[in-house]
Amino acid sequence: MYVYQDYDQRLLQERVAQYRDQTRRYLAGELSEDEFLALRLQNGLYIQRYAPMLRISVPYGMLASQQLRTLANVVREYDKGFCHVSTRQNIQLNWPELEDVPDILEQLAGVQMHAIQTSGNCIRNITTDELAGVNPKEIEDPRPWCEIIRQWATFNPEFAYLPRKFKIAVNSVPDADPALIGVHDIGVQVLHDSNGETGFQVWAGGGLGRTPMTGAVIGEFVPWQDLLPYLESILRVYNKYGNRDNKFKARIKILVKALGPEKYRELVEAEFAELKGGAMTLTEEEVARIKNCFQTPEYRSGVDSTALQSALDENRAFNRWFHTNTRAHKQAGYRAVVLTLKKTGRVPGDVSDEQLDAIADLADRYSFGEARNTHQQNMVLADVAADQLFEVWQQLDALGFATPNLGLITDIVACPGGDLCSLANAKSIPIAEGIQRRFDDMDFVHDLGPLDVNISGCMNACGHHHIGHIGILGVDKKGKEFYQITLGGRGDKLSHIGEKMGPSFEADEVTGVIDKIIRLYVDNRLENEPFIDTYERIGMDPFKEAVYG
Amino acid sequence: MGKLILDGEIVDNQWQRFDAGQLEQESLPDSGAVIVPLAYWKEHKAALLERSDPVGVCLEPGEEPVDLAEDLAALPLVAIHFPAFKDGRGYSYARELRTRYGFTGEVRAVGDVLQDQLFYMHRVGFNAFEVRADRDIEQALNNGLRPFTVTYQADVHDNRPIYRRRHELEEVSDV
Ligand code: SF4
């Protein structure tokens, strides 16, 4: 995890003071609604349906145990005892008082946390693979590059008032896209050239939302030294030419599409020619310093897995959990353990203060004092030794975090939707719950295999419905809540946007429709064929027929 | 005469700015420093250069420094208009004026110019700020210009990003 220097800490304290003064001036009537709106958004504060919502930044989803405990305190003191893990790996508070936010920020700053640029038309939190650093498939740890980008983006004076929000993701796994770089404003793919030197393939113009599309490659191989000048060039072109008249046409994807990737690249190259080789060029010393912050923990060597093996043989529930909820690790004798926050009847991604404290304790005891948020709204203990897995499972089970459904139909990603969000067209949480209740036979759920179900309450797509194998989108039809279903999206390999099935459904029809889709899949699948492969093989028509026919 | 912040001090505004609408109604006064729109400058450049008092040009969003590149040597002032503070194009324009074209004259922010944006504006190259008339300019100067002592990026005042000047910050924090 990035370790703050004195000056990083000073910056946070200065930020708290600045925001405290902005809040004071707003409450004193010295700032208009509109002026304060932009300022509070850049600090992650929305005014929602029932209360403000504060989005707290969690770079790369990583939380130290001390940060988890502070969050628990904040949630207890200023909220209703719950917080929410978002699909961008951040933490959201749903019931803070506007007046309390400066105090909340002050507490957070004490553990190197903040809400800087978690909303608003600026560069947002940088995201990456939640298993970064432990994923055996990555070619190198992407987090140092994320951190370098994060610092460049933090209070970047030129890019604080962009046409629209701007999201950057970094991926270091070849042939897979765990960071969803294909659907980010900028996606950075870490590559090695034939000499083993690091460089980046840079994508621009992807995004979900109203006009979902995957990005285009703008930079084929940007040497690591040039990462920031290159990103700065992309941003400057966007800041100057992005649409500012129509909010729905303001994302970079619209500009890249309008100009064409060729033209966009040309403009970027012109800016870049000027910056290349200048003072922004990254130094080896800086990269080494940041890499040093993401060191591998002191793993034990020769972890004995005999006990694990016998537990796996003897205990069916543990065995199922192990195969579903843990992931392979770079280090022999270790696994990454995913805590599923998707128990039926619980809001997807919600965590209580007590649970945060409990996760902090688990992290301290079993995973080098760190936990992570995932973009699937779960959490991870990334470094658990094989000889402690059984113990960890028992404790997670007691906490309700061991539902063995990771990546399965009931591991639903859902935005807060109409229950909380003022932009929503429809509720998403009850839809998720309805599906979870319908598929309550864990054997059947396992038999169905990998299935991503994503629900968004409106086309802002916070629930990433476009990249769900089954996507569900809340739409408004004459003031009534309806749901549109897409199939065939994917966020596992390279991101792919799903296809709309047809007319939308009322809330009480949705689970029935999902049921029909699933039944058609079961009837048509080849042996061991996952849902998405069946869909790609047989196409939309049979599904349409089953649902509308 | 209004006030503005110029190089960190509150001073009287010596310049009179005319927008396109005004110049359709009235003609420029014979004397006094004036700021005119880009189109007007282009059309009347020869006459404007004849004036004994100085002339500056104001860029609107969508009018880039490149449109003025050849004239910069003759101009003591370029204003950049923010019709709304949320339109951030002017930040890139100011930056280009300073770093690409090496403009050393006054770069002035006009329009919806408010305390909470001054820090960013200053860093990208503005040195003059016509703070909106209904706002407290002293408060803007005292609290808005330098709310932070730490910056990560290069800017027009120091082209070194933090990784080329970290030692200086570390020394400061030891005090
Ligand atoms: S997708 Fe829409 S309803 Fe859901 S959280 Fe985002 S803005 Fe709110």
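Expressed in nm to one decimal, what extension gain is obtained for the pair A:Thr344 and A:Phe221 from 0.36 nm per residue of sequence separation less their Cα-Cα distance?
Here the segment from A:Thr344 to A:Phe221 would lengthen by 39.8 nm.
If you take each beta carbon of peptide A:228-235 and count the beta carbons of other chains within 10 angstrom, what is the mean?
1
Among DSSP beta bridges lying fully in the stretch A:406-490, give the percent that are antiparallel, nearest 5.
So the antiparallel bridges in the stretch A:406-490 amount to around 55 percent.
To the nearest 0.05, what FRET efficiency results for A:Ile139 and A:Glu506 with a Förster distance of 56 Å applied to their C-beta separation?
Taking R0 as 56 Å, the efficiency between A:Ile139 and A:Glu506 is 0.75.
In square nanometres and to one decimal, what's the mean projected area of the convex hull around the Cα atoms of the stretch A:467-549?
5.5 nm²
If the convex hull of the alpha-carbon atoms of the stretch B:64-175 is projected onto planes in all directions, what is the mean projected area in square nanometres?
Dividing the Cα hull surface by four gives the mean projection, 7.9 nm².
Just to compare against my own numbers: the Cα pair-distance distribution for the stretch A:175-312, 10 Å bins, whole % per bin, please.
Each 10 Å bin holds this share of Cα pairs: 11, 32, 28, 15, 9, 6, 0.
When A:Ser305, A:Ser310, A:Ser456, A:Ser504 are ordered from fewest to most other Cβ atoms inside 10 Å of their Cβ, what list results?
Least crowded to most crowded, the residues run A:Ser310, A:Ser305, A:Ser504, A:Ser456.
Between B:Glu9 and A:Phe444, what is the label-to-label distance in nm when each label sits 7 Å out along the Cα-to-Cβ direction?
8.1 nm
Starting with the fewest neighbours, write out A:Ile139, B:Ile35 ranked by other beta-carbon atoms found within 10 Å of each beta-carbon.
Ranked by crowding around the Cβ, least crowded first: A:Ile139, B:Ile35.
Would you tell me the mean number of C-beta atoms belonging to other protein chains that fall within 10 Å of each C-beta in A:147-159, as a whole number?
6
Viscosity 1.002 mPa s, temperature 20 °C: Stokes-Einstein D of the stretch A:306-399 from its Kirkwood Cα radius, in µm² per second?
D = 158 µm²/s.
Need one value for A:2-9: mean number of C-beta atoms belonging to other chains within 10 Å of its residues' C-beta atoms.
4
Label-point separation (nm) for A:Asn243 and B:Ala33, each offset 7 Å from Cα along Cα-to-Cβ?
4.1 nm
With the Cα gyration tensor of the stretch B:1-116 in hand, give its eigenvalues times 5 under a square root as the equivalent ellipsoid semi-axes, listed largest first in whole angstrom.
That gives 21, 17, 15 Å for the three semi-axes.
Under the definition of Cα pairs under 8 Å and six or more residues apart, what whole-number percent is the relative contact order of the stretch A:306-399?
With pairs under 8 Å counted, the relative contact order is 30 percent.
Return the Rg/Rh value of the stretch A:100-158, two decimal places, where both radii are evaluated on C-alpha atoms and Rh is the Kirkwood radius.
We get a ratio of 1.06 for the stretch A:100-158.
Checking the a/c ratio against 1.5 first, then a/b against b/c, what shape does the Cα gyration tensor give for chain A?
rounded
Go ahead and estimate [θ] at 222 nm for chain A from helices alone: -39,500 (n - 2.57) per DSSP H run with n ≥ 4, summed, over the residue count, rounded to 500.
So the calculated ellipticity at 222 nm is -11500 deg cm²/dmol.
Determine the shape class of the stretch A:82-225: with a ≥ b ≥ c the square roots of the Cα gyration tensor eigenvalues, call it rounded for a/c under 1.5, and otherwise prolate if a/b is greater than b/c, oblate otherwise.
Prolate is the answer for the stretch A:82-225, as a/c is 1.5 or above and a/b outweighs b/c.
Would you kindly derive the ³J(HN,Hα) couplings of the stretch A:146-158 from the backbone phi angles with the Karplus curve 6.51 cos²θ - 1.76 cosθ + 1.60 (θ = phi - 60°), listing them in order in whole Hz, with x for Gly and Pro?
3J(HN,Hα) across the stretch A:146-158, in whole Hz: 4, 5, 4, 5, 4, 5, 4, 7, 6, 6, 5, x, 7.
Can you put A:Phe36, A:Phe200 in order of Cβ neighbours within 10 angstrom, beginning with the fewest?
So the ranking, lowest neighbour count to highest, is A:Phe36, A:Phe200.
Spelling out what I want: for every residue of the stretch A:530-541, take phi, set θ = phi - 60°, compute 6.51 cos²θ - 1.76 cosθ + 1.60 (Karplus), and round to whole Hz; glycine and proline get x.
x, 3, 5, 5, 4, 4, 5, 7, 9, x, 6, 3
Give the Rg/Rh ratio for the stretch A:6-109, taking Rg as the radius of gyration of the Cα atoms and Rh as the Kirkwood radius, to two decimals.
When Rh is taken as the Kirkwood radius, the ratio is 0.96.
For the stretch A:275-310 and the stretch A:433-471, what is the separation of their Cα centres, given in Å?
34 Å
Rounded to the nearest 20 Debye, what is the dipole magnitude of chain A about its Cα centre when Lys and Arg each give +1 and Asp and Glu each give -1 at the C-beta?
The calculation lands at about 1500 debye.
Hey, in chain A, which Cys have no second cysteine's beta-carbon closer than 4.7 Å?
Within chain A, the cysteines lacking a partner Cβ under 4.7 Å are A:Cys83, A:Cys122, A:Cys146, A:Cys293, A:Cys421, A:Cys458.
Please report the spacing between the Cα centers of the stretch A:182-226 and the stretch B:142-165 in Å, no decimals.
Using only Cα atoms, the two centres lie 28 Å from each other.
Which part of the stretch A:399-417 falls in the paramagnetic zone of A:Arg437, meaning amide N under 19 Å from the point 7 Å along Cα-to-beta-carbon?
A:409-415, A:417
Relative contact order for chain B: what percent, with Cα pairs under 8 Å and sequence separation of 6 or more?
18 percent.
Too long at a 26 Å Cα-Cα cut-off: which of A:Lys343/A:Lys500; A:Lys276/B:Lys86; A:Lys291/B:Lys86; A:Lys342/A:Lys493; A:Lys249/B:Lys86; A:Lys427/A:Lys500?
Too far apart for the 26 Å limit: A:Lys343/A:Lys500; A:Lys276/B:Lys86; A:Lys291/B:Lys86.
Based on the alpha-carbon gyration tensor of the stretch A:177-240 and its eigenvalue square roots a ≥ b ≥ c, which shape applies: rounded if a/c is under 1.5, prolate if not and a/b is larger than b/c, or oblate?
oblate
Output wanted: per-residue J couplings in Hz (rounded whole) for the stretch A:510-524, from phi through Karplus 6.51 cos²θ - 1.76 cosθ + 1.60, θ = phi - 60°, x for Gly and Pro.
Values, residue by residue: 4, 4, x, 5, 4, 4, 5, 4, 5, 5, 4, 4, 4, 5, 10 Hz.
How big is the gap, in Å, between the Cα center of the stretch B:42-62 and the Cα center of the stretch A:98-123?
With the stretch B:42-62 and the stretch A:98-123 each reduced to a Cα centre, they are spaced 45 Å.
Just so you know, all these numbers are worked out from the coordinates, no wet-lab data involved. All of these numbers come straight from a predicted model, not from anything done at the bench. Cβ coordinates were reconstructed from backbone atoms using ideal geometry, including for glycine residues, and neighbour counts include every protein chain displayed.
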